1. Within the range 398-500, list the chymotrypsin sites (Phe, Trp or Tyr not before Pro) lying in a DSSP loop whose Cβ has at most 15 other Cβ atoms in a 10 Å radius.
2. Fully extended, how many nm does the chain gain between Lys155 and Glu273 (0.36 nm per residue separation, minus their Cα-Cα distance)?
3. Given H placed on each backbone N at 1.01 Å, which residues far from Trp458 in sequence or on other chains put an amide H within less than 5 Å of it?
4. Over every pair of different alpha-carbon atoms in the range 411-514, take the mean of 1/r and invert it; report that Kirkwood radius in Å.
5. Using modelled backbone amide H atoms (1.01 Å from N, in-plane), which distant-in-sequence or interchain residues come within less than 5 Å of Leu16's amide H?
6. Evaluate E = 1/(1 + (r/R0)^6) for Arg21 and Asp307, where r is the Cβ-Cβ distance and R0 equals 22 Å; express this FRET efficiency to the nearest 0.05.
7. Apply the Kirkwood formula to the chain: the hydrodynamic radius equals the inverse of the mean of 1/r over all pairs of different alpha-carbon atoms; give it in Å with one decimal.
8. Ignoring solvent entirely, what values of log10 I(q)/I(0) come out of the Debye formula for the range 1-155 at 0.20 Å⁻¹ when each Cα is a single scatterer?
Amino acid sequence: MTSAAYLSRAGQKVLLIEKNRECGGLVNSFTRDGFHFDAGVRALEDAGIIFPMLKDLGIHLDVVKSKVSLGIEKEILHIDDLNSLTKYRDLLKKTFPESEGEIDEVIKKIRTVMKHMDVLYGIENPVFKDLKHDRAFILKKLLPWLPRFIFTVGKINRMNMPVEEYLTTVVKNSSLRDIIAQHFFKNTPTFFALSYFSLYLDYFYPKGGVGKLPEALKNKILESGGEIMTETKVIEVMADKCLVKDHNNIIYHYDNLIWAADLKTLYKVTGTEGLLPKIKTLFEESKNMILKNRGGDSVFSLFLGLDEPPESFRKIAHGHFFYTPSKIGLGETHRSELDYLLANFDNLKKDQVLAWLDKFTRLNTYEISIPGLKDPELVPQGKTGIIISFLAEYDLFNKIQKAGWLDEFILELENRVLQIISDSVYPMLKDKIIVRFSFTPLSIENRVGSSEGAITGWSFQKNMPVINKIQYSDRSVLTPVPSIYKAGQWAYSPAGVPMSILTGKLAADKAMKQNRRLRNS
Ligand SMILES: Cc1cc2nc3c(=O)[nH]c(=O)nc-3n(C[C@H](O)[C@H](O)[C@H](O)COP(=O)(O)OP(=O)(O)OC[C@H]3O[C@@H](n4cnc5c(N)ncnc54)[C@H](O)[C@@H]3O)c2cc1C
């Protein structure tokens, strides 16, 4: 959508093709029985990208701060400003009094990372500035910032090891390690994981729900003369002829194609006959890498409409809440024990899977979002909508579906989550439910076509198939075929909404440059 907004604003002929009825993918809101819910991301982080993009496109979005709380067992901390890091340290020390020194060490590291983040996001991202005409920005902001940026990038790149590995070097207590890291994706680079404290302060929420962001972009695209075709799925790309085919076998010609969806799909549906042999070889090499790799962790979300006013919840925590009901930590539950479950799935009884599920739900960390606490307009009078989610393994849901008991498993999972959250932080929850449904990793795969139901692109591993260093982000949008660019969660790692937007803009810039080159040749 970012690409389409920029290209149509520049007067290019743009067609955006979207398989769903609504645009926005994992940035999306919907209403069920009067309750507003966010289907994907629960709140947005500016990251020096979203607000500059909106400003540059002349889009006004009404937003509020999306305040975050963190909780472990009975202790809950509200993150209001930078001083909250001290409160976080105290919370950890109260929970793990035997590990005071180790906690100090981790907090020191988080502080260092926060300083790097201040540099990284210290100015509006130059990609969204008109550098040809904004001399004041170049002289007063960009040039003084660049040396600090280069220095910081060096530091960041040295903090690339998985956060679990880093924590093992400073923290002996495995429960403490888990509590700090278990709500991150597996093997998240240390810098990215520890930067989350800064990101908690950065979260904002569009009034009316996160879906207001794609709605605003959609209006911008249409206003600028772009065309949008929804409920249209691309099923084939004929790269040599610059054609794409949709599910109705309708064919469209392009000069430049920006692929902002699942990257494995692009490589599977693209025919390269007729391309130059050199490009074909590069494409095949790239395809091998891409298809060999996996999407990152997915998520399970339980959506509830409750006959209970938002005020009851406001007294406990902010509307964006990371809560861990047990300080024991997941340990091997979501690693070797899950691997064992998956490897031996066909020989296990349902009871064994459910016993694992007991432990998994009891020890996990939950992301809880209450839209009505961020915008009171989003719930019926005196009622509250709540979304409870946690990272979940796509393969497990896939195997259970194939074994024919997915609905039963989902019910068991929902019941356990309800019991645990009612027994711990929101006692009023269980008896007040009037709306209840959930999304699994399989729902995510079906809805946005994302490999392994991934929500932020590639899983973190040694041989990342895309660019993963910020100084090379400009190249992340290139593919071996000169007229095809990539953007979004699969184009760069680590990804999320801001990076999806940034790559969208970078891809649009490259496409425009290519068009100018073609016109001039
Ligand atoms: C519960 C949850 C919490 C999250 N929290 C955060 C967070 O705190 N911070 C953060 O930055 N990110 C977060 N994310 C991730 C973030 O939402 C995504 O990484 C981001 O929105 C990805 O955007 P995208 O446009 O690249 O891809 P997608 O949202 O996957 O969009 C791809 C689009 O392409 C369409 N499409 C796919 N295949 C085809 C086809 N063949 N033809 C036509 N159209 C097609 C899809 O329907 C979809 O609209 C979260 C996600 C979830 C689900």
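Rule-based calculations on the coordinates, nothing more; no lab input. Predicted model, so just to flag it, every value in this text is computed and none were measured. Glycine also receives a Cβ, built like all others from the backbone with ideal geometry; neighbour counts cover every protein chain displayed.
1. Here the chymotrypsin sites (Phe, Trp or Tyr not before Pro) that fit, given the DSSP loop and packing criteria, are Trp405.
2. In short, 38.1 nm is gained.
3. Hits under the 5 Å cutoff: Gly296.
4. After inverting the mean inverse Cα-Cα distance, the result is 16.6 Å.
5. So Leu16 has HN proximity to Glu227, Ile228, Met229.
6. Numbers: r = 30 Å, r/R0 = 1.36.
Efficiency, rounded to the nearest 0.05: 0.15.
7. Here the Kirkwood hydrodynamic radius works out to 24.3 Å.
8. Debye output, listed in q order: -1.30.
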